[in-house]
Structures are given as structure tokens and as C-alpha cells.
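There's a structure below that I have some questions on.
The values are calculated or read from the model by the stated rules, or taken from the named source; none is laboratory data. If you're wondering where the values come from, they're calculated on a predicted model, not measured in any experiment. Note that each Cβ is placed from the backbone with ideal geometry, even for glycine, and that neighbours are counted across all protein chains shown. These area figures cover heavy atoms from the full protein model, side chains too; ligands, DNA and RNA do not enter into them. Shrake-Rupley method; radii C 1.70, N 1.55, O 1.52, S 1.80 Å.
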Amino acid sequence: MVDNSGTSKPYPISQCVNYNKYSKSQRVYLAAITSTTEPNNFSQASKDPNWQEAMRKEIQALKANGTWVLTTLPPWKKTIDSKWVYSIKFKSNEEVERYKACLVTKGYTQIEGVDFHETFSPVAKPVTVRCVFVVGVKKTMGSTST
């Protein structure tokens with residue numbers, strides 16, 4: 001089967017998806033989010049100023065948080081590689097809110113018993129921290145009032 005672009009695809013999406021059940025505003029939103037594409041790799045992203053800025057912000061945030069310390073790797077150790085993951089965040093009115101780039105490690109390259117248990121990266125969301133504080137305050141307030 002040949003799609004609108006003239007390329008041959010075994011299962012063109014236009015034959016599988018029906019947008020008739022969606023309202024006009026929902027169809028506009030779907031068109032907006034499907035018309036923008038996220039890069040699959042650094043080579044693609046590095047050509048776009050929006051993604052360049054997103055990657056720059058991610059590196060700045062990692063440096064500001066003291067995420068890592070540059071050091072010399074012992075000769076018997078192997079580095080864990082990393083890759084960029086890209087996503088576009090949208091506002092509720094279909095506009096692009098921001099371009100988000102995350103630098104993540106390829107943890108699946110680790111070997112259990114060799115380097116599997118040597119890394120740990122705790123992450124606490126602000127909402128979780130607030131909940132812990134609220135529970136602590138409630139328990140403190142409860143114990144002083146009795």
C-alpha cells in the first residue's frame with residue numbers, strides 16, 4: 001500500500017486511526033502534538049536550536065546540583081555510557097511549552113556482581129518532601145496536644 005507521501009508502508013496509520021469521534025478542539029490538539037517530532041539521537045537534536053538550548057539547560061542543572069564529580073577512572077573499571085532522551089511538553093492550548101532533554105545512563109549495560117550494586121541515584125520529588133514534612137508536623141502537633 002502506498003501512503004500520501006508516496007512511500008510504501010504495510011500498515012499506514014491513516015487506514016488504522018479514525019478521528020471522527022473526537023471534538024474539533026481535540027482534533028486540533030492531536031494534530032499539533034503529532035506534527036512536531038522528537039529527535040531520536042544527539043545528531044538529530046544538535047541541529048535544532050530548541051534542542052540545543054534544552055540540552056544546555058540540562059547540563060547546567062546537572063552541574064548546579066553537583067550530580068557528578070570529574071575524576072580519573074581506575075584502569076580496572078568500566079564507564080557506564082549515557083544517552084540523551086528528548087520530549088516536547090505541551091500546554092493545554094496545544095502550544096509547545098518547552099523542549100525537554102534528559103541525560104540518562106545506560107544502566108542496562110551494567111553486570112550484576114561486577115558493577116550492578118555500585119551506583120545509586122536517589123531522587124526525591126518536592127511533593128514527596130512536603131508530604132513527609134506534613135506528616136512530621138502532624139505527628140509533632142498531635143503528641144504535644146495530648
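I'd like to verify a number: residues in the range 86-103 that are modelled with pLDDT of 75 or more and surrounded by 11 or more Cβ atoms within 10 Å (Cβ to Cβ), how many?
Residues flagged as modelled with pLDDT of 75 or more and surrounded by 11 or more Cβ atoms within 10 Å (Cβ to Cβ) within the range 86-103 amount to 12.
Considering only the range 61-78, how many residues are within 25 Å of PHE42 (Cα to Cα), over 23 Å from the mean Cα position of the chain (by Cα) and surrounded by 10 or more Cβ atoms within 10 Å (Cβ to Cβ)?
Of the residues in the range 61-78, 1 are within 25 Å of PHE42 (Cα to Cα), over 23 Å from the mean Cα position of the chain (by Cα) and surrounded by 10 or more Cβ atoms within 10 Å (Cβ to Cβ).
Out of (1) at pLDDT 85 or above; (2) open to solvent by 90 Å² or more (accessible area, probe 1.4 Å); (3) closer than 30 Å to TYR29 by Cα, what's the single condition that is false for GLU58?
Of (1) at pLDDT 85 or above; (2) open to solvent by 90 Å² or more (accessible area, probe 1.4 Å); (3) closer than 30 Å to TYR29 by Cα, only one is false for GLU58: (2).
The conditions are (1) open to solvent by less than 100 Å² (accessible area, probe 1.4 Å); (2) among the polar types (S, T, N, Q); (3) at pLDDT 75 or above, and ASN18 fails exactly one of them. Which is it?
So ASN18 meets the others, but not (3).
Under 7 Å between Cβ atoms, at least 6 apart or on separate chains: pull out the pairs that start in the range 70-85 with a residue that is closer than 21 Å to ILE59 by Cα and end on any residue that is open to solvent by less than 60 Å² (accessible area, probe 1.4 Å) and part of a loop (DSSP other than H, G, I, E, B).
That search, which allows pairs on different chains as well, returns ILE80/LYS106; ILE80/GLN110; ASP81/LYS106; SER82/LYS106; LYS83/LYS106.
Any residue in the range 93-104 that's under 10 Å from GLU58 (Cβ atoms): show its pairings with residues that are of a type in the set (D, E, K, R) at Cβ separation under 6 Å, as long as the two are six or more apart or on different chains.
LYS100/LYS89; ALA101/GLU58; LEU103/GLU58
Still on this structure, I have one more. Could you run through the range 104-128 and say how many residues are open to solvent by 60 Å² or more (accessible area, probe 1.4 Å) and at pLDDT 65 or above? Write out each step before concluding.
Residues of the range 104-128 that are open to solvent by 60 Å² or more (accessible area, probe 1.4 Å), as a first pass: 105, 108, 111-114, 116-128.
Cutting the leftovers down to at pLDDT 65 or above gives us 105, 108, 111-113, 123-128.
Selection size over the range 104-128: 11.
For the range 18-76, name all the residues that are within 16 Å of GLU94 (Cα to Cα) and in a helix (DSSP H, G or I).
Listed by number, the residues that qualify are LYS24, SER25, GLN26, ARG27, VAL28, TYR29, LEU30, ALA31, ALA32, ILE33, THR34, SER35.
Which one of the conditions (1) farther than 26 Å from TYR99 by Cβ; (2) modelled with pLDDT of 85 or more does GLU38 fail to meet, given that it meets all the rest?
Of everything listed in (1) farther than 26 Å from TYR99 by Cβ; (2) modelled with pLDDT of 85 or more, GLU38 misses just condition (1).
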